[in-house]
Amino acid sequence: MKKSSTVSIRTSLLRNLLVLLLSVSITILAVTIWGARRTVRVLSERLIEQSAQRADESMRNFFGSIEGLVLASRDWWNSGLLDYEGREDLEQFNAVFVPLLNEHRQVTSMMVVHDEGFEYLLFRDLRGGEDYEWYNRVVWADQGPDAGYEALWTDDLEPYRTNPLPEDVRDYDPRKRNYYTEPPLNEIFWTNPYYFFITKDAGLTATLKWKDEKTGRTRLVAFDLLLMDLSRFTARLRPSPHGKVFVLHSDGSILGLPADERWSDPDEIRERLRNPAEREGAGTKADDAATLLTPTELDLDNVAKAASLLKIGNSSDVDHETRHFRFKSGGEYWWGGFRPFDLRNQRLWIGVVVPERDFLGPAIQQRNLVLLICAIALVVATLMVVILARRYSEPLEQLAAKSDRIRHLDLSEDIPVHSSLTEVSQLADAHAQMTSALDSFSRYVPLELVRELLQRGEVAQIGGRTEALTILFTDIEGFTNLAEGMEPDELTHHMAEYFSLMLAALNEQNATVDKFIGDAIVAFWGAPSPDEDHAKHGVSAVLQCRDLLREHNERWMNRGQPVLLTRFGLSTGEAVVGNVGSPDRLNYTVLGDTVNTAARLESLNNYYGTEVLATESVVTAAGPGFEWRKIDRVRVKGKTEATVIFEPLGHSDEVASEELENARRYEEALDQYAKREFSEALQSLKSLLSQNPEDGPTKRLYDLCHQYSETPPGDKWDGVTRYLTK
């Protein structure tokens, strides 16, 4: 049989393949370029949005804590706690507010004022020059300057000196101050930036003014925030290695400075925020509106250009969505964004600027590499099509069709492929042999099973992500001695019953059980499935485990079996969760400081004689519904900051009032201990021990107070317990 000529088909195939190849290549290049540009925008907007959101949340905590102090102070005054009758009440006022200012370091001073011209002021005096830290000023404007005075106190609130009012304050009237005259009644009000009376530094004041329902007297509480402290806060926020976060006022001036090597310490920040007139020697008048610098005056080119694109004056109708834009500064492209931040009665703007090189450098290099490879591949592929299309087109298409059928395990038809080319002929023979082999294999293994295995085509990989989790560590006290005293079979059955109880409670609260380490259990909440109430579920699970074990320990003791006294450690925070191990063997687990903290808390139960210990982050995240007892402030090995630890007493509706009362009395004794009032604490603890002589935390604190009452600790003692061996 004469072989038919294929010249016309090859020519047609060559033409069509070239058109197809060029079309596909051009499409790929176009999609790649478009996709790269879109990726640049999406990535930048996402980073700006996330950074602005994080800054927004941080600032809400920053300002919100001050507003919380304002509301709490109002409630205290309304309840009669802040009725000032004379000098004998000054120490009581300080005992209330000094711990609050120590806890909220961004607050530099606070005032209590009423409409008869009375003002109590507490100021953390860091101006230096003398050995005191706290400054009080008490003013009775209606009673004359002799009714007022100054009081100075050391860091631990020991009296330092009392003075008459200085000359510049003798005519002082708090009712004429802007923080008194500007606010409306019954609303938290933030003043515009102004210069404070004492330090002449620029700042904001959060105030709340109201009329007392019983007396009709106008009252006011106010807390001061230095812009220097706001800038120290914003200068620490870094969205990327070279990115910056800052805060603009509605007039375009800077309230919160961004990170910059020119102001790396508080003194340099304060210098940047000083009134230009003061730097020139003209002085600053208290209560004047603060003259703040603009980004241009601070030589912040990228911030200034971003602010010019925002057009704050025309943005009063912008909601809380972040606005994004791209601009050029210093010879490189930046991405910027602004998010409005409403501070009660005024609007601020959170700004974020990030250079493209911080997060798009590798992406741009990869995009350029893809473009280069596509261009080279297009040229090479075109040459190869021209040379090989004639010889390989038809038989290769037939072989490709056969390969596609084999990929789908379609072995019903086997059409032979003929070619005069040796390599193509060998490939056709190999296809035929492969088809025969698969046909034979399918007779041993069900065809649908093989098809499913081929279609799945994915395996677990090493990797993890950072999530907010609640971590639990448990351990049985004295388990080694217990195990040595039991037969293996008896121990196995006893532990099986124990683990069944624990796992039932953990599973009921949606726990992820990580692993068993001998008699210990490691579990967590918040992954792999998201759980907004992970801390609440963790606390509920531990309380359920504790109650079940108490009940069953009594049963086991009645049956002559060993009791299993279990300790629990709970910690909430960020941790890395994911697949850990080697490519051949993986384990889904959690890693990080939060995990280590939970493990250390479990061990610390030995020191305190408790069953369960939890970090303050657990108490906060769990929310209402539980009753707690604050146990101690500790610093364990590997930690630089002290951790406040708590013992869960139970659900709020299940804890007896007597137990709650004893817990509060213990906490009062703990506060006295921290203040070095050891004798007073001993009296409270002695009464508690008479009611519950086996309470471990009470016995421990009693022994410490007894020891320190006889041999007081040194000046550097801060009331924090250190456990360097754990």
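The values are calculated or read from the model by the stated rules, or taken from the named source; none is laboratory data. This structure is a prediction, so every number in the text was calculated from the model and none was measured. Glycine gets a Cβ as well: all are built from the backbone with ideal geometry, and neighbour counts include every protein chain shown.
Counting only residues that are modelled with pLDDT of 90 or more and of a type outside the set (D, E), the stretch 468-506 holds 17 of them.
Of the residues making up the stretch 165-207, those that are more than 21 Å from T291 (Cβ to Cβ) and part of a loop (DSSP other than H, G, I, E, B) are L165, P166, R170, D171, Y172, D173, P183, P184, N186, E187. Among R170, R161, which is among the basic types (K, R) and either out of contact with any Pro (no Cβ under 9 Å at 6 or more places or on another chain) or within 18 Å of S73 (Cα to Cα) (or both)? It is R161. Out of F97, F63, F93, one residue alone is more than 33 Å from the chain's Cα centre (by Cα) and part of a helix (DSSP H, G or I). It is F93. Screening the candidates T234, T207 for the property of being crowded, with 17+ Cβ neighbours inside 10 Å, under 24 Å from E103 (Cα atoms) and under 28 Å from the mean Cα position of the chain (by Cα) yields one hit, T234.
Quick check: is even one residue across the stretch 578-598 closer than 30 Å to D703 by Cα and surrounded by fewer than 16 Cβ atoms within 10 Å (Cβ to Cβ)? Scanning the stretch 578-598 turns up no residue that is closer than 30 Å to D703 by Cα and surrounded by fewer than 16 Cβ atoms within 10 Å (Cβ to Cβ). Modelled with pLDDT under 95, within 25 Å of D718 (Cα to Cα), surrounded by fewer than 20 Cβ atoms within 10 Å (Cβ to Cβ) and of a type in the set (S, T, Y): is that true of S679 in this structure? Yes; evaluated as a whole, the condition is true for this residue.
A search for C-beta distances below 9 Å between a residue of the stretch 342-357 that is closer than 14 Å to L300 by Cα and any residue that is surrounded by 21 or more Cβ atoms within 10 Å (Cβ to Cβ) and among the basic types (K, R), counting only pairs 6+ apart in sequence or on different chains, returns G351/K244; G351/R339; V352/K244; V352/R339; V353/K244; V354/K244.
State which residue is surrounded by the most Cβ atoms within 10 Å (Cβ to Cβ) when the search covers only the stretch 66-83 and only residues that are touching a residue at least 40 places away in the same chain (Cβ under 8 Å) and not charged (D, E, K, R). The selected residue is S73.
The residue that is modelled with the lowest pLDDT, counting only those in the stretch 635-662 that are of a type in the set (A, V, I, L, M, F, W, C) and within 21 Å of the chain's Cα centre (by Cα), is A642. Restricting attention to the stretch 156-169, the residues being loosely packed, with under 12 Cβ neighbours inside 10 Å and either over 19 Å from F196 (Cβ atoms) or in contact with a Lys or Arg (Cβ under 7 Å, 6 or more places away or on another chain) (or both) number 4.
Of note, V113 does not satisfy the criterion of being surrounded by 15 or more Cβ atoms within 10 Å (Cβ to Cβ), at pLDDT 90 or above, on the phi < 0 side of the Ramachandran plot and in a helix (DSSP H, G or I).
Screening R60, R87 for residues that are closer than 23 Å to T234 by Cα and loosely packed, with under 14 Cβ neighbours inside 10 Å leaves exactly one candidate, R60.
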